[in-house]
1. Name the pairs: first residue in the range A:244-261 and touching a residue at least 40 places away in the same chain (Cβ under 8 Å), second residue surrounded by 12 or more Cβ atoms within 10 Å (Cβ to Cβ) and among the aromatic types (F, W, Y), Cβ to Cβ under 7 Å, at least 6 apart or on different chains?
2. May I ask you to list pairs of residues, at least six apart or on different chains, whose Cβ atoms are under 7 Å apart, with the first in the range A:133-148 being part of a loop (DSSP other than H, G, I, E, B) and the second being modelled with pLDDT under 80 and small (G, A, S)?
3. Pick out the one residue from A:A78, A:A48, A:A38 that is closer than 20 Å to A:M116 by Cβ and buried (at least 22 other Cβ atoms within 10 Å of the Cβ).
4. Considering only the range B:40-49, how many residues are within 14 Å of chain A (Cβ to nearest Cβ) and either touching an Asp or Glu at 6+ places or on another chain (Cβ under 7 Å) or surrounded by fewer than 18 Cβ atoms within 10 Å (Cβ to Cβ) (or both)?
5. Scan the range A:66-85 residue by residue and report those that are hydrophobic (A, V, I, L, M, F, W, C), more than 13 Å from chain B (Cβ to nearest Cβ) and out of contact with any Lys or Arg (no Cβ under 7 Å at 6 or more places or on another chain).
6. Specify which of the listed residues (A:I197, A:I149) is touching a Ser or Thr at 6+ places or on another chain (Cβ under 7 Å), at pLDDT 95 or above and not assigned by TED's automatic domain parsing to the domain that holds A:T92.
7. Could you please tell me which pairs satisfy a Cβ distance under 6 Å, a separation of 6+ or placement on different chains, a first residue in the range B:1-26 that is touching a residue at least 60 places away in the same chain (Cβ under 8 Å), and a second residue that is surrounded by fewer than 19 Cβ atoms within 10 Å (Cβ to Cβ) and outside any helix (DSSP H, G or I)?
8. Take the residues in the range A:113-134 that are touching a Leu at 6+ places or on another chain (Cβ under 7 Å) and surrounded by 18 or more Cβ atoms within 10 Å (Cβ to Cβ); name whichever of them is nearest to the other protein chains (Cβ to nearest Cβ).
Amino acid sequence: MEKQHKYLDLIIIGGGVTGLTAALYAGRMKLSTLVLEADLVGGQIVNAHEIENYPGFASIKGSALVEKIQQQAEFFGAAIDEFDNILKVKLTDEKKIVETESFIYEPKSVIIATGMTRRKLALPEENLFLSKGIHYCELCDGHMYQDKIIAVVGGGNAALDAAKFLTKYAKKLYIIHRSSALTADVLTQENVIKNPIVEVLLNTEIRKAEGKNVLETLQLYDKKEEKEYALPLDGLFVDIGVVPNTAMFAQDLLCDSAGNIIAGEDCKTNEAGVFAAGDVRTKVIRQLTTAAADGTVAALMAEKYIGN
Amino acid sequence: MVKVYSIPNCPWCEKVKKYLKLKNVAYEEFNVEDSDEARDELYKISGDQIVPVTTIDGKNYVVSFDKAKLDALLGL
């Protein structure tokens, strides 16, 4: 059966905080708006146990914050579909196409807010300990490890920044890195390594994560010494890079070498009427508040584009 | 009756339940965090503690949210 074509003002691809904020703004501006989310509405933040850096809330669970923004967006008329997966998009022409499993959408404007995925550890048992000892957000979850033994895996600037942040909680902090030298800049390294609670384990791979209900031990392999050993610890923060979710758009939009969609503060991409917002666009700071800010800008810019 | 093994505050469990509601599929939920019995049943079905698990007969099951697999399991 041929798919039904649907015409609307705006499609927002990605229902994280950026996409939901854009939907809220677009809905209030009376744009017919649909958010398409492939995974979880709310994105990465939905897993956060406690958010303490979003203005207006002393402390709120990620899922509760998402629910509030989602309700706000829906109240103003935006539709959210988290079950109809996108098959392909065509963004290069004035007539833009977003084809899902069920429909062919022809929106006047598109906002891409698909965010980033933290590169995962290549450990099959990782899911068992996700948020139960294995974490991807030190800002969100670091406070759970006051006076505990924790480790950061990774050797770049982001990993070292995470380690520096976590030293204010940990009684002992390991930095686990598979290469023979950290790749973070020297100053960043010095700032972290001078702290007496920090110990760097170079040439070291994580072979296995173990524990009864929560993470208790890592099985490590020292490549230089060629020996495997157990490291007891309470938490592991993974910072081995991020991957922007842009594969679907790479044929239509200019991306940088890391895969981020090239767009400035106005969220405009190289294609008229297509905006990139939130973590997925080229930018320096990626926080919940900047995600919401990008959603705002992108929706206002889309409205301006549609109005013209 | 469709059975969903889940834990509270689990976003993928919520997504499975939301999908079943959308498709008007009646289900019974088993919280494996509160019930040893449910946890044992889950282990018998999947051999693991990962949730959500959706099943009808206790033999064929779907782990996490996978629309295509759920559709196949439930004949949607």
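1. A:I261/A:F249
2. Correct list of pairs: A:C137/A:A48.
3. A:A48
4. Going through the range B:40-49 one residue at a time, the tally reaches 5.
5. Correct list: A:I69, A:A73, A:F75, A:A78, A:A79.
6. A:I197
7. Matching pairs, first to second residue: B:V2/B:V25; B:V2/B:Y27; B:V2/B:I56.
8. A:F129
The values are calculated or read from the model by the stated rules, or taken from the named source; none is laboratory data. Please read all numbers here as calculations on a predicted model, not as lab measurements. Here Cβ is always computed from backbone atoms with ideal geometry, including for glycine, and neighbour counts include all displayed protein chains.
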